[in-house]
1. Any residue in segment A:238-263 that is assigned by TED's automatic domain parsing to the domain that holds A:Val289 sitting within a Cβ distance under 6 Å of a residue that is assigned to a loop (DSSP other than H, G, I, E, B) and aliphatic (A, V, I, L, M)? List the pairs, counting only those 6 or more apart or interchain.
2. Please enumerate the residues belonging to segment C:240-272 that are part of a helix (DSSP H, G or I), surrounded by fewer than 22 Cβ atoms within 10 Å (Cβ to Cβ) and more than 16 Å from ligand 1 (Cβ to nearest atom).
3. Across segment E:70-94, which residue is farthest from the chain's Cα centre (by Cα) among those that are of a type in the set (Ser, Thr, Tyr) and more than 9 Å from chain A (Cβ to nearest Cβ)?
4. Report whether or not B:Arg64 is surrounded by 24 or more Cβ atoms within 10 Å (Cβ to Cβ) and farther than 24 Å from A:Met32 by Cβ.
5. Only one residue in D:Lys120, D:Lys142, D:Lys153, D:Lys165 is within 14 Å of chain A (Cβ to nearest Cβ), assigned to a loop (DSSP other than H, G, I, E, B) and over 23 Å from D:Asn51 (Cα atoms), so which one is that?
6. From (1) surrounded by 18 or more Cβ atoms within 10 Å (Cβ to Cβ); (2) among the small types (Gly, Ala, Ser); (3) within 14 Å of chain A (Cβ to nearest Cβ), pick out the condition that doesn't hold for E:Ser184.
7. I'm checking my understanding of the structure. Among residues of segment B:6-48 that are among the small types (Gly, Ala, Ser) and either facing another protein chain (nearest Cβ under 7 Å) or touching a Leu at 6+ places or on another chain (Cβ under 9 Å) (or both), which one is farthest from A:Ala213 (Cα to Cα)?
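The values are calculated or read from the model by the stated rules, or taken from the named source; none is laboratory data. Owing to the predicted nature of the structure, the values given are computational and were not obtained by experimental measurement. Note that we place each Cβ from the backbone using ideal geometry, even for glycine, and neighbour counts take in every protein chain shown.
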Amino acid sequence: MASQDLRNGQSIQDLIAKSRNRKGKKITEKTMPILLFIAAFISVLTTIGIVFTLIFETFEFFQRVSITDYLFGTQWYPFSGNNPTFGVLALIMGTLKVTVIAVIVAVPIGLAAAIYLSEYASDRARRSIKPVLEVLAGVPTIVYGFFALTFVTPILQQLIPSLKIFNALSPGIVVGIMIIPMIASLSEDAMSSVPNSIREGALALGATKFEVAIKVVLPAALSGIISSIVLAVSRALGETMIVSLAGGASPSFDFSVTGSIQTMTAYIVQVSSGDAGYGTTIYYSIYAVGFTLFIFTLIMNLLAHYISKRFREEY
Amino acid sequence: MRYIDDSVVMKRMKTRLNKNKSWKALFLTGTLFALLCLVILLVRIVTQGIGYLDWDFITSFASRSPERAGIKAALIGSIYMMCIIAPVSMILGVSTAIYLEEYAKKNKINDFIRMNISNLAGVPSIVFGLLGLTIFVRALALGKSLLAAGFTMSLLILPVIIVAAQEAIRAVPKEQREASYGMGATKWQTITRVVLPAAIPGILTGSILALSRAIGETAPLVVIGIPVILRFLPDSLLSEFTALPMQIYDWAKRPQEEFLYVASAGIIILMLFLVIMNSIAIFIRNKFSKRY
Amino acid sequence: MMKNENNIKINVQSSQNVGEEITATNEKNTVFGTNNFNLWYGEHHALKEINLDIKENDVTAIIGPSGCGKSTYIKALNRMVELVPIVKTNGEINYRGRNIFDANYQVEELRTHVGMVFQKPNPFPKSIYDNIAYGPRIHGIKNKKVLDEIVEKSLRGAAIWDEVKDRLNQNAYGLSGGQQQRICIARCLAIEPDVILMDEPTSALDPISTLKVEELVQELKGNYSIVIVTHNMQQAARISDKTAFFLNGEVVEFDNTDKIFSTPRDQRTEDYISGRFG
Amino acid sequence: MMKNENNIKINVQSSQNVGEEITATNEKNTVFGTNNFNLWYGEHHALKEINLDIKENDVTAIIGPSGCGKSTYIKALNRMVELVPIVKTNGEINYRGRNIFDANYQVEELRTHVGMVFQKPNPFPKSIYDNIAYGPRIHGIKNKKVLDEIVEKSLRGAAIWDEVKDRLNQNAYGLSGGQQQRICIARCLAIEPDVILMDEPTSALDPISTLKVEELVQELKGNYSIVIVTHNMQQAARISDKTAFFLNGEVVEFDNTDKIFSTPRDQRTEDYISGRFG
Amino acid sequence: GEKETDTNKGTETNTGSETTNNEVAQLTGSVSGDGSSTVAPITEALVEIYEEEQPEVRVSSGVSGTGGGFEKFIAGETDFSNASRPIKDEEKAKLAEAGIDYTEFLLAYDGLTVVINPENTWATELTVEQLQQIWVEDGTTKKWSDIDPSWPAEEILFYSPGTDSGTYDYFDEVILDGADLVKSAELSEDDNVLVTGVAGDKNAIGFFGYAYYLENTDKLTAVKVNGVEPNSETIEKGEYSPLSRPLFVYAKNSALKDNEAFYNFMEFTLKNAGDMAGEVGYVRLPDAMYEEGLKTLEGLK
Ligand SMILES: Nc1ncnc2c1ncn2[C@@H]1O[C@H](COP(=O)(O)OP(=O)(O)OP(=O)(O)O)[C@@H](O)[C@H]1O
Ligand SMILES: Nc1ncnc2c1ncn2[C@@H]1O[C@H](COP(=O)(O)OP(=O)(O)OP(=O)(O)O)[C@@H](O)[C@H]1O
Ligand SMILES: [Mg+2]
Ligand SMILES: [Mg+2]
Ligand SMILES: O=P([O-])([O-])[O-]
């Protein structure tokens, strides 16, 4: 058996010593970190690429349209042949309307689902419901778009007769439905990562499940929950197909949700799939709008970052 | 001098229990609402599209007549595009995750990379479309090819994969690494033989979910200007192609109402695709979830 | 609940005047009466025909080798076992005369009388103050002043007041393991329970902290009935009045602690205590 | 590496013939010589001017209260401390005469001579076989037959061969905690280290498993030099030849174990051993 | 079923005279185009039947709208660009700058159709002046009664193709005389969206390509312009004026020279565009115009 001491009386250490200092091993150790760093740097290049892509054309745009008119104007009529105006506030307003409605729909429902799944549902229920919700998150937005236009809007029109066929409400609700799983799933993750021992501690004091959920688990998972909401918001801000299909194309700076709107993303799609001549002001305007959108989501992401850093839970 | 008065506690107990019950019902309603949305969505799509869904639909090219229209080019195109996205995004994503979790020291550059990744995750897909058009289609002259679209989509889902891989790598207990180092293993050996094998289920799950997002994305393809009228399959990486969401979007815009049903049939295919991918992800997750 | 007994006890006011407690009863009351109690995890029969009476103001230690059902039993006493969905039980455990496994027995009510301290310290990720005030708050005490008093009293009762009084608003996770465990004990005291269950409360602690918790248990026993699971036989011998020896889900022997450790009746008990297995 | 000493030892052949080892040296060689060694975690001075000689084929126990630097010291011996990026050191630790903190000392090489067993059993989530073969494989041994031999020999050496020989291809996580710990010891033996470092190897184990591991340590000491950190003074007394008592990052006393436990020179040692603190 | 046989017949009869040529040369290569969504159905039909003739030639076309198509044409990414309006001066300038020579070919006619909701019984017939009155931006919110006092005093809802689309440009030119379209108009690149919009609102009015109307006659009413109803007859004969407009394809000259497959495809296009246009809801040009196109093409070989 092993009594032969590994053939020829060699000990394991001898065998190890023999194969020590293979060249390949050393080179791998040295080069891998460099290769990995290069891979990591690609994400930085991507951002640089995005910023440069947007900035050059945006710069061109501001040669033609004054930056103050753009930032503070409330009229967005770029196609008006005689007197085009580029007041981005109208588009921002459309974007915000949809986002706010989506958040109003998604946060309570998403959180309810998260709490139910993490605190009440049986393990089996959780394990089957969560993936189904993830399917909901994976439904392509174009599918949601038609759902909004051909299903949700007609139903809403029954309830609200003054509702236009294109409006902020329907896409807002559907974007909300789309981000429910995101909030539910990420918040559920945050809540289930609160250790069970902490739950047991509360239950052992005679707390009901609801009290455990609201007073112990929720606060403990707060930063995860808030970041999930912020991420969902930035998803709603950047949502494109739903609003292009169901939101309409009439940007206006008002607070009505029953009338037609246009969001920043919908405008970009409109022009991308439209007839704007290459090199026209309209062509450059999509980059300016894209840049504005980029800034918006950047702010949201920095916010999420700040929140999860500032309120990081420790247990 | 007891502070907790038993009779008060008992009196409140009823309200507390009722509160618990009614909130539970409310939470359940929320969950069911979300599920109901999915059901309605699916039922509508299936009832609209099932009539056009048959083997011919899968094996024919698009056509001017709804009866003969098929999804072959888009389906194969999407699959080919996946074949580019999967390796590109996973190699880049996992490498980045390994770098950040195992090698990156705490310094400004690495903080910036981390920050940058979480920001990228929130950049709208349409902006990635603008990037792809400017960089891959135009600057690198790849044209509206598989490669250009594949790269664009890879970058789009890269942050998601990085984050998933980072989490999976982080979940490998420190003790495992210590055990490996303790045997005299080098860092790279520890990574390839201990960390990655343990992290692979998590990485795969995250990646598959990210990939399934990539097949459904429409906006970047619209911006890049992927063709929809074509009757051939891609024969090289630089070949033009079309993809499922693009084909669906095109059909849905057609004047004939029948094309709306054809679009629904296309959506069914797309959703099947997604469900299969999600199931694989769930299978992997459940199979390997309890390990340590 | 506690109407059927003359519970004339004076609470510990601060850690100084320990030992002054007076009990008016001579024959000790039964707090938990366990009658032919069985418990299964799915198919696994984890507790078999348990009969065990836990008396008021005793420290009852439960010892036995790993997997014998100690934790399961102690968690049955406040129905915490039910958190495992596959658990089935039969037989009864009477708390103060009422079977806690009765369909209409409110588990929340039971747990306000039966506190629990766990193996690993598990404070809430909140401030020290909020940790202690959690229990009273869910029971409807909102008055800030009353809460302040409860917090101080409980922290004193857990012999940790002096260490934390200047940082009540800091997160409990900033404390050392031993301090956290005492915070958990204080949290449990804050709802003024009748019984305190402790599942290996010192196994995650260093010797100094262990000593402090052991001392604390001695102080508390004047006012509370304590059931403590321990791996450590010396600990059982040091602090408990009664000891139950569990083996394979059965109670092999249950008697006064001195008796168990000096002249056990059962051979298996002797073997275990003398370290022949375990 | 090991050229400068007459390392005439015969390996354990199987767990049966323990005790037949022969050492040709009378005066024991120094394996680890620690000279004025200091270590900081950032600003925190965790090890202060340590001087300690660890001899060949001894079991050296390291005891001391929590946070005194036991783990830090033992992890310094195979430079595992360096996994914490903020660590700074000065002074030297000589392994077989060479300072391991020398810039050109290959840490991987050091660790093939100095094995380590951790507090919590940490097998890889692989088959038992792959766990044991891990070390030899990373060092380039690919021959299946040689690997088979190494695996059997190491498992026998760790006194667990009989328990697992029929399920070498099963995942190591299917084993009990005690078995896992012995798998970890076997994994360590598979590269035939010169020294084995153990950081509280039994603290997560039940008494029976603890006993087995302790017996194993006794068996192994004929062939390996062993450094073991323990919380449990009885354990130190039972199994070690020498004992070092650490306090606040300093070595208070280092002597033969009987000496330390019977007539410690230092008052603090006596206080600690008699349980007055810590 | 039925349509299929039609198509096949059409192909055979049309290519019959040229078969000798085609049988000789089985071409390979690729052709790519982009452009107008209005023209897209014609292109799709052409590509579909062209495959039977030259299966090895890989023709692809995007649908980015006339302007989007020109953008790619200017960038040199495409061989041909479909358009539902003539090329603009800016675009010409950009092409010149990029050094791209091109040739314009006519493909078919599209009848731009003004539509109203079926519940609208008052505005079924409008004059060009009335249309102008309705659609021009004049700073007021418009009611139907502003146009004709006997009509309801309800606000008009406007649905128009994106103001940057070829369809819009044409409408703007012939109806509005270059004046601005009402700002409150709902603009969409997706004509189905417009159909949905007008079909969903009693006070709505909109306009888009004839093909979209043809597919939705049950949901919409077509307005008679100056008393003429849009149909293939009135459009082909030029009676439905001024709202019938030509559809174009722009071809890159250098590609016609260098890429035999592209030349062949263009030749095929001009020979079959008339039939295909009819099939997908547009109106063929008089045969002479296709002949003319083929001649021009020959000169570019
Ligand atoms: N959640 C569970 N599901 C299934 N079986 C369980 C569960 N918890 C415990 N068991 C089983 O029940 C038996 C008793 O477990 P218990 O935790 O009560 O042991 P214990 O005496 O507390 O041991 P230890 O000293 O290790 O804590 C064991 O065999 C255990 O495997
Ligand atoms: N990674 C680290 N970063 C900063 N400080 C550390 C780290 N690890 C340990 N320390 C500190 O160094 C000191 C010694 O720690 P060490 O883990 O060596 O103690 P120990 O004697 O092993 O204690 P225990 O018995 O609890 O394991 C402690 O004060 C500890 O807080
Ligand atoms: Mg237990
Ligand atoms: Mg330690
Ligand atoms: O797509 P268009 O035909 O409107 O340019």
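1. Going by the 6 Å Cβ cut-off, the qualifying pairs are A:Gly247/A:Ile261; A:Gly248/A:Ile261; A:Val257/A:Ala168; A:Thr258/A:Leu163; A:Ile261/A:Ala168; A:Gln262/A:Ala249.
2. Answer for segment C:240-272, where residues must be part of a helix (DSSP H, G or I), surrounded by fewer than 22 Cβ atoms within 10 Å (Cβ to Cβ) and more than 16 Å from ligand 1 (Cβ to nearest atom): C:Thr257, C:Asp258, C:Lys259, C:Phe261, C:Ser262, C:Gln267, C:Glu270, C:Asp271.
3. To start, the set of residues in segment E:70-94 that are of a type in the set (Ser, Thr, Tyr) comprises E:78, E:81, E:84.
From what's left, more than 9 Å from chain A (Cβ to nearest Cβ): E:78, E:81.
Details: E:Thr78: 19, E:Ser81: 12 Å.
Top of the filtered list is E:Thr78.
4. On the way: surrounded by 24 or more Cβ atoms within 10 Å (Cβ to Cβ): yes; farther than 24 Å from A:Met32 by Cβ: yes.
Yes: the conditions hold for B:Arg64.
5. Values: D:Lys120 fails: within 14 Å of chain A (Cβ to nearest Cβ); D:Lys153 fails: assigned to a loop (DSSP other than H, G, I, E, B); D:Lys165 fails: assigned to a loop (DSSP other than H, G, I, E, B).
Of the residues listed, the single one that is within 14 Å of chain A (Cβ to nearest Cβ), assigned to a loop (DSSP other than H, G, I, E, B) and over 23 Å from D:Asn51 (Cα atoms) is D:Lys142.
6. Among (1) surrounded by 18 or more Cβ atoms within 10 Å (Cβ to Cβ); (2) among the small types (Gly, Ala, Ser); (3) within 14 Å of chain A (Cβ to nearest Cβ), the lone unmet condition for E:Ser184 is (1).
7. Step one: of segment B:6-48, the residues among the small types (Gly, Ala, Ser) are B:7, B:22, B:25, B:30, B:34.
Retained after the next criterion (residues that are either facing another protein chain (nearest Cβ under 7 Å) or touching a Leu at 6+ places or on another chain (Cβ under 9 Å) (or both)): B:30, B:34.
Numbers: B:Gly30: 16, B:Ala34: 20 Å.
Step by step, filter segment B:6-48, then rank; the result is B:Ala34.
Table: residues versus (1) more than 12 Å from chain A (Cβ to nearest Cβ); (2) under 30 Å from A:Glu57 (Cα atoms); (3) part of a helix (DSSP H, G or I).
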{"site": "B:Ile126", "(1), (2), (3)": "no, yes, yes"}
{"site": "B:Ser154", "(1), (2), (3)": "no, yes, yes"}
{"site": "B:Ala165", "(1), (2), (3)": "no, no, yes"}
{"site": "B:Ala168", "(1), (2), (3)": "yes, no, yes"}
{"site": "B:Glu175", "(1), (2), (3)": "yes, no, yes"}
{"site": "B:Ser180", "(1), (2), (3)": "yes, no, yes"}
{"site": "B:Thr190", "(1), (2), (3)": "no, no, yes"}
